[in-house]
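The values are calculated or read from the model by the stated rules, or taken from the named source; none is laboratory data. What you see is a predicted model; the values in this text were computed from it and never measured. Ideal geometry is used to build each Cβ from the backbone, glycine not excepted, and the neighbour counts take in all protein chains shown. Please note that ligands, DNA and RNA were not included when accessible areas were found on the heavy atoms of the full protein model with its side chains. Shrake-Rupley method; radii C 1.70, N 1.55, O 1.52, S 1.80 Å.
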Amino acid sequence: MIAIIDYGVGNLFSLSSSLTYLGLDNKITSSAEDILSADRIILPGVGAFSDAVQKLRDTGLIDTIRQQTAAGKPLLGICLGMQLLFDKSYEYGEHDGLGLVPGRVCPIADDLTRPLKVPHIGWNALHFPKPDPLFKYVREGDCVYYVHSFYAKDCTENTIATSEYDITITGAVRSGSVYGTQFHPEKSGEVGLNILRAFSEL
Amino acid sequence: MITKRIIPCLDIRDGRVVKGVNFEGIQDVEHPVELAKFYNQSGADELVFYDITASFEGRALFTDILTQVASQIFIPLTVGGGINTLDDFDRVLKCGADKVSVNSGAIKNPKLIEQAAKKYGDQCVVLSMDIKRVDGQFRLFAKGGREDTGIDALEWARMGEQNGAGELVVNSIDTDGVKDGFDLEMLAAIADRVNIPIIASGGAGRMEDFSELFHTLPKVDAGLAASIFHFKEIEIRDLKTYLRGQGIEMRI
């Protein structure tokens, strides 16, 4: 079973539906027992970093997540769920993240060298600096769907996918069994479904 | 880089697609789920569902259809039609919509965009505008293009962005249905005033119209059309291959 952590942030309908469509047993949950009994964990999220990290703390699940991932259970953070995995975010202030992946989350707009639109919304091509089993069904140049205004940086060592938007956007990261995608696999058509399928096979 | 998007729009009345005819390979062309699946397979980058039902029963049918689509198709879904309150946002978002398009609802209650953007995020709120030239001015129309509001559409677009709309749909009443190309003059005027994604609608008749749109106006992000796709005058996959050949970035 894949546990989708419900901490009151965002709409989990499409994510749950996409796993069900793939024939993968999943449960939207905020219970520690479910996370313990799950064989994989997904940490979703949309909205503001500070609000989300506080809500996640309020669930009291962070220690369970840490223990489970330290023991090797695969976790996938999606969009803001990925950003929460880092040490720090500079989204309207400075906020501590979970520190599961080294790096920090910063505004895209501060680093652009030309006046592109922010948020970075739409389909963008993936590039892979190194091979990873998460992308075993995906090809270089396949497009995925992004919606975000902040991005992870200082995490080159852990970066397993990127996209170009004037600057190099961190598309996906990995530290041990902890994975994160800035894009939405549950909204990225066949390519996204193939990434979720690969996650279920890790 | 971000690809340009090609978006088919499906008008739904009482749970059925209006205008859907002449599709090979689909048994029931008026069935929204079947047509949505077809477009997904054809390479559509996003789907827009427009609820043109007036009745309560029709609205319930619509949300039921939306749930079915969102359970089987995993690309961004935008929903519009009859969105007047935050409760309407809630109703369609719960059924799997990613973005909600407001038109007359924002004219009746200009606070709606701001409230929705605060609650659901800018990326969720699409401001759709029907615009027509009146006395040398781009004028905003309401009620499906039937009523002149007297509002300057360029100012309305700017205010929409300021209030938190994450995207604009610009539908030119002047070119709608004419099939002689998008309204480049109107789109350029809007693009000069906002810095959020613009979806061009109204006037596409040939593949060259899309090429001209994206080449002439780099700030336009997407082309939306209904009947040319429904009637298979243009196949989305052919269109995207053609546009890529013209040097326009496309997801294929």
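In this structure the protein assembly as shown gives 39 Å² per residue of accessible area when probed at 1.4 Å with all protein chains present. Residues whose amide H lies under 5 Å from that of A:ARG40, counting only those 5 or more places away or on a different chain, are A:ALA3; hydrogens are built 1.01 Å from N in the peptide plane.
Across segment B:62-76, coupling constants 3J(HN,Hα) worked out from phi with the 6.51/-1.76/1.60 Karplus curve, θ = phi - 60°, read 4, 5, 5, 4, 4, 4, 5, 4, 5, 7, 10, 10, 10, 10, x Hz, and Gly and Pro carry x.
I need to check one value: relative contact order of segment B:5-245, counting alpha carbon pairs closer than 8 Å and at least 6 residues apart, in percent.
17 percent.
Computed from the alpha carbon atoms alone, the convex hull of chain A holds 102 Å³ per residue.
Put a plus charge on the Cβ of each Lys and Arg, a minus charge on the Cβ of each Asp and Glu, and nothing anywhere else: the dipole of the protein assembly as shown about its Cα centre is then about 400 debye. Taking a quarter of the surface of the Cα convex hull of segment A:103-202 gives a mean projected area of 5.9 nm².
What is the log10 of I(q)/I(0) for segment B:1-127, computed with the Debye formula using one identical point scatterer on each Cα and no solvent, at q = 0.11, 0.18, 0.19 Å⁻¹? Each listed q maps to, in turn, -0.37, -0.95, -1.05. Inter-part distance, segment A:101-172 to segment B:77-123, computed on C-alpha centroids, equals 29 Å. For B:LYS108, the lysines whose Cα comes closer than 30 Å to its Cα, not counting residues fewer than 8 places off in the same chain, are A:LYS117, B:LYS19, B:LYS94, B:LYS99, B:LYS118, B:LYS119, B:LYS132, B:LYS143, B:LYS219.
Each listed q (0.13 Å⁻¹) maps to a log10 I(q)/I(0) for segment B:68-137 from the Debye sum over equal C-alpha point scatterers, namely -0.40.
Distances over 17 Å make up what percent of all Cα-Cα pairs in segment B:88-212? It works out to 55 percent of all Cα pairs.
Of the heavy-atom accessible surface of segment B:5-245 (probe 1.4 angstrom), what whole percent is carbon and sulfur? List each step's numbers first, then the result.
Values: 4550 of 9570 Å².
Carbon with sulfur: 48 percent of the solvent-accessible area.
The phi torsions of segment B:197-211, fed into the Karplus equation with coefficients 6.51, -1.76 and 1.60 and a -60° offset, translate into couplings of x, 10, 10, 8, 9, x, x, 5, x, 9, 4, 4, 5, 5, 4 Hz, rounded to whole numbers, with Gly and Pro shown as x. Derived scalar couplings between HN and Hα for segment B:119-136 equal 7, 10, x, 4, 4, 8, 9, 10, 9, 9, 10, 9, 10, 9, 6, 9, 6, x Hz in order, rounded to whole Hz, by the Karplus curve 6.51 cos²θ - 1.76 cosθ + 1.60 (θ = phi - 60°), x for Gly and Pro. Note on chain B: dipole from Cβ charges, positive end direction compared against B:ALA204, B:VAL169, B:TYR120; the farthest Cα belongs to B:TYR120. Roughly what would the spin-label model give for B:LYS143 and A:GLN67, points 7 Å off Cα along C-beta, in nm? Modelled inter-label distance: 6.4 nm. When all alpha carbon pairs of segment A:95-155 are counted in 10 Å bins from zero, the resulting P(r) reads 17, 39, 39, 5 %. For segment B:5-245, a crude dipole built from +1 on the beta carbon of Lys and Arg and -1 on the beta carbon of Asp and Glu, taken about the Cα centre, is about 380 debye to the nearest 20. As a fraction of the 1.4 Å probe accessible area of segment A:101-199, surface on carbon and sulfur atoms comes out at 51 percent. The magnitude of the dipole of segment A:1-125, with charges of +1 and -1 set on the Cβ of Lys/Arg and Asp/Glu and taken from the Cα centre, is near 280 debye. With only the Cα atoms considered, segment B:5-245 has a convex hull volume of 113 Å³ per residue. Considering the options A:SER31, A:ASN11, A:LEU98, tell which one lies farthest towards the positive end of the dipole of segment A:1-119, charges being +1 on Lys and Arg and -1 on Asp and Glu at the Cβ, about the Cα centre. Final value for the positive-end residue is A:ASN11. Have a look at B:ASP45, B:ASP88, B:ASP221 and tell me which one the Gaussian network model of chain B (Cα, springs below 10 Å) gives the largest fluctuation. Result for chain B, Cα springs under 10 Å: B:ASP88 fluctuates most. Computed with a 1.4 angstrom probe on protein heavy atoms, the B-A interface buries about 2200 square angstrom of accessible area in total. Which of A:VAL144, A:VAL178, A:VAL46 moves most in a GNM of chain A, Cα contacts under 10 Å? Of the options given, A:VAL46 has the highest mean-square fluctuation.
In segment A:168-202, the residues whose accessible area drops by at least 50 square angstrom when the other protein chains are added to the isolated chain are A:LYS187; the probe is 1.4 Å and only protein heavy atoms count. For the pair segment A:1-67 and segment B:177-212, the centres of their Cα atoms are 41 angstrom apart.
Restricting the calculation to Cα atoms, the protein assembly as shown yields a radius of gyration followed by a Dmax of 21.5, 70 Å.
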